[in-house]
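Heads up: the structure comes next, in structure tokens.
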Amino acid sequence: TQTLTLVTRGMALGQLSRSNIRSLFSREVWVGLINGLLWALIVGLISWLWFADYRIGLLIAVAMIINLLTASIFGVMIPLLLKRLGIDPALAGGVILTTITDVVGFVAFLGLASNFLLSA
């Protein structure tokens, strides 16, 4: 939601243009990836120690990376799409982004869990 807020604010202040959207998108995806890797490492290690199973730690880490990347990608795309459709991004963006990240998070975690844990 921070990316969503940043983009929505930039649009409201007229700071976004066709020339800088690509660099903003690239920067936000990198931030999402770095955040994902950092938090995946921390939470993955804690999960591994907590459950005494490296597979659970790895599963949670990968799902977290997927979810944080999804949040950063859609955090940029949703306000741009909503504005193009004539919908106020400040009103609808948060609900849509939360729904997307929740669905992707559940599917990533449960899908990976079925592949990791049931195939072993």
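The values are calculated or read from the model by the stated rules, or taken from the named source; none is laboratory data. On a predicted model such as this, the values are computed, not experimentally measured, just so you know. Note that we place each Cβ from the backbone using ideal geometry, even for glycine, and neighbour counts take in every protein chain shown.
Miscellaneous remarks
- Here residue 34 clears all of (1) at pLDDT 95 or above; (2) outside any helix (DSSP H, G or I) except the condition numbered (2).
- Residues in the stretch 91-120 that are within 29 Å of residue 7 (Cβ to Cβ), surrounded by fewer than 17 Cβ atoms within 10 Å (Cβ to Cβ) and of a type in the set (S, T, N, Q): 98, 99.
- From the options 14, 32, residue that is over 15 Å from residue 105 (Cα atoms) and without any contact (Cβ under 8 Å) to a residue 60 or more places away in the chain: 14
- Residue within the stretch 29-44 that is surrounded by 18 or more Cβ atoms within 10 Å (Cβ to Cβ) and out of contact with any Leu (no Cβ under 9 Å at 6 or more places or on another chain) present: no
- When 49, 24, 37 are screened for being out of contact with any Phe, Trp or Tyr (no Cβ under 9 Å at 6 or more places or on another chain) and without any contact (Cβ under 8 Å) to a residue 24 or more places away in the chain, only 49 passes.
- Residues that are within 20 Å of residue 25 (Cα to Cα), surrounded by fewer than 22 Cβ atoms within 10 Å (Cβ to Cβ) and hydroxyl-bearing (Ser, Thr, Tyr), drawn from the stretch 46-80: 70
- Condition check for residue 62: modelled with pLDDT under 95, in a helix (DSSP H, G or I) and in contact with a helix residue (DSSP H, G or I) (Cβ under 9 Å, 6 or more places away or on another chain): no
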